[in-house]
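What follows is one structure encoded as structure tokens, with my remarks underneath.
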């Protein structure tokens with residue numbers, strides 16, 4: 001038997017207000033900047049060079065377009081659900097309404113992977129860029145306090161130093177978690193400032209670099225395949241799409257804020273599609289300029305490919321500006337991921353699948369502060385003690401899996417509930433959701449095999465938790481069990 005959450009229950013929760021409900025403070029502009037804040041991170045500044053050097057060459061622009069198309073199909077499906085069921089929980093809630101509790105748990109646990117580990121991954125990189133920025137002002141943090149215990153660094157004098165804890169990463173996680181507890185409106189304001197800052201720097205790089213594009217660097221635009229799948233040629237463009245897809249992760253975080261939007265029925269589609277469109281345009285222009293100013297082969301062994309491109313121009317001052325933009329980008333990504341995770345956990349807690357205490361709202365700020373505190377600790381532990389390489393690719397595959405389930409969910413609910421009001425309807429159904437599934441699955445298959453193994457282990461752990469706790473405490477299951485024992489009495493009516 002599939003235990004689904006009735007749509008009328010979801011809509012009642014969506015329309016709830018007052019004490020015990022999340023405050024509706026986010027405008028459509030806030031939702032677009034929330035999406036842009038989550039999408040444009042330092043992945044743009046690092047993954048572009050990586051995908052160009054190892055997979056697609058100058059055709060990394062096409063890789064971005066393929067990734068964007070996959071996101072667009074999924075984004076249109078997200079927009080329908082978010083306008084129809086404007087409640088916190090994102091894909092978890094949509095799956096609960098369409099495919100039942102078991103699939104909802106799978107996707108909810110998958111989103112824990114995406115947001116929590118994604119925030120940890122980004123915070124570790126934030127730490128490294130902060131160190132670089134402070135070095136430019138002759139400020140040094142002892143290296144043992146900026147690395148996990150499994151990492152080492154060789155100092156200028158040849159001394160090998162072992163890491164102990166990544167304190168800057170913990171610092172940013174704790175600060176942003178406290179900001180989120182303080183309130184969504186305040187968090188949105190900070191996010192808006194960060195988004196404006198990093199988009200401004202991206203636009204400056206595009207404008208300045210455009211005049212230094214060397215057409216020879218774009219010839220051939222798609223380098224010849226080496227004979228191995230994923231190394232240039234069209235297979236390289238496809239593998240590149242799987243790599244740069246990480247740079248698109250985040251637009252789905254807009255849907256986690258549905259219950260805090262002032263007008264979710266129109267704001268959700270605007271926020272999701274608008275942020276995706278803005279970022280795609282910026283990504284394509286940015287990658288075109290970067291691979292035009294410097295040859296893609298020059299990015300091969302560079303941890304900072306944008307620096308390689310800037311060195312080809314007379315504007316060395318852009319180096320510091322790019323680091324500032326990266327720090328701003330990382331900060332807004334961490335902020336939105338922590339916000340999205342706490343809202344999903346809040347919804348899962350209300351459903352009884354995780355302990356009820358995480359559904360508690362702060363008496364003054366009306367935010368799910370216990371969820372924020374939980375993930376402040378959980379994410380901080382990963383950020384402090386786990387190397388960044390361990391969790392990076394897991395975020396991409398987890399997100400793609402979520403997109404696949406949302407696309408399938410649209411097909412299911414169109415057939416099961418054809419008459420439900422839909423303020424925004426996904427166009428060209430079933431073509432759009434089917435294409436969303438196909439493209440996302442292809443990008444998942446293009447990822448390394450060990451990423452699939454780690455996803456499998458994570459999901460097995462989730463199943464253990466679900467069957468030992470979630471099944472016993474599920475609100476829907478317990479309600480149906482009570483109704484089976486003592487069915488509700490239908491009141492008599494007069495003829």
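The values are calculated or read from the model by the stated rules, or taken from the named source; none is laboratory data. Just so it is clear, the model here is predicted, and its values are computed rather than measured. Glycine also receives a Cβ, built like all others from the backbone with ideal geometry; neighbour counts cover every protein chain displayed.
Side notes on the structure shown:
- Residue that is nearest to residue 450 (Cα to Cα), among those in segment 423-435 that are modelled with pLDDT under 90 and buried (at least 19 other Cβ atoms within 10 Å of the Cβ): 426
- All positions within segment 408-422 that are loosely packed, with under 15 Cβ neighbours inside 10 Å, in a helix (DSSP H, G or I) and without any contact (Cβ under 8 Å) to a residue 40 or more places away in the chain: 415
- Residue in segment 343-361 that is crowded, with 20+ Cβ neighbours inside 10 Å and touching a strand residue (DSSP E or B) at 6+ places or on another chain (Cβ under 6 Å) present: no
- When 44, 31, 111 are checked against the criterion of being surrounded by 24 or more Cβ atoms within 10 Å (Cβ to Cβ), modelled with pLDDT under 85, in contact with a strand residue (DSSP E or B) (Cβ under 7 Å, 6 or more places away or on another chain) and in a helix (DSSP H, G or I), a single residue qualifies: 31.
- Just one residue in the set 335, 373, 327, 353 is part of a loop (DSSP other than H, G, I, E, B) and touching a residue at least 60 places away in the same chain (Cβ under 8 Å); that residue is 353.
- Among the residues of segment 250-292, those identified as surrounded by 24 or more Cβ atoms within 10 Å (Cβ to Cβ) and in contact with a strand residue (DSSP E or B) (Cβ under 7 Å, 6 or more places away or on another chain) are 257, 260, 261, 267, 268.
- On inspection, residue 280 qualifies as at pLDDT 80 or above, under 22 Å from the mean Cα position of the chain (by Cα) and within 23 Å of residue 119 (Cα to Cα).
- Any pair with Cβ under 8 angstrom, 6 or more apart, that starts in segment 134-158 at a residue that is outside any loop (DSSP other than H, G, I, E, B) and ends at one that is loosely packed, with under 11 Cβ neighbours inside 10 Å: 134/140; 143/155; 152/160; 153/160; 154/160
- Annotation: of all residues in segment 187-207 being under 25 Å from residue 289 (Cα atoms) and in contact with a helix residue (DSSP H, G or I) (Cβ under 6 Å, 6 or more places away or on another chain), the one that is surrounded by the fewest Cβ atoms within 10 Å (Cβ to Cβ) is 206.
- Restricting segment 93-106 to residues that are part of a helix (DSSP H, G or I) and at pLDDT 85 or above leaves a set whose member that is nearest to residue 6 (Cα to Cα) is 96.
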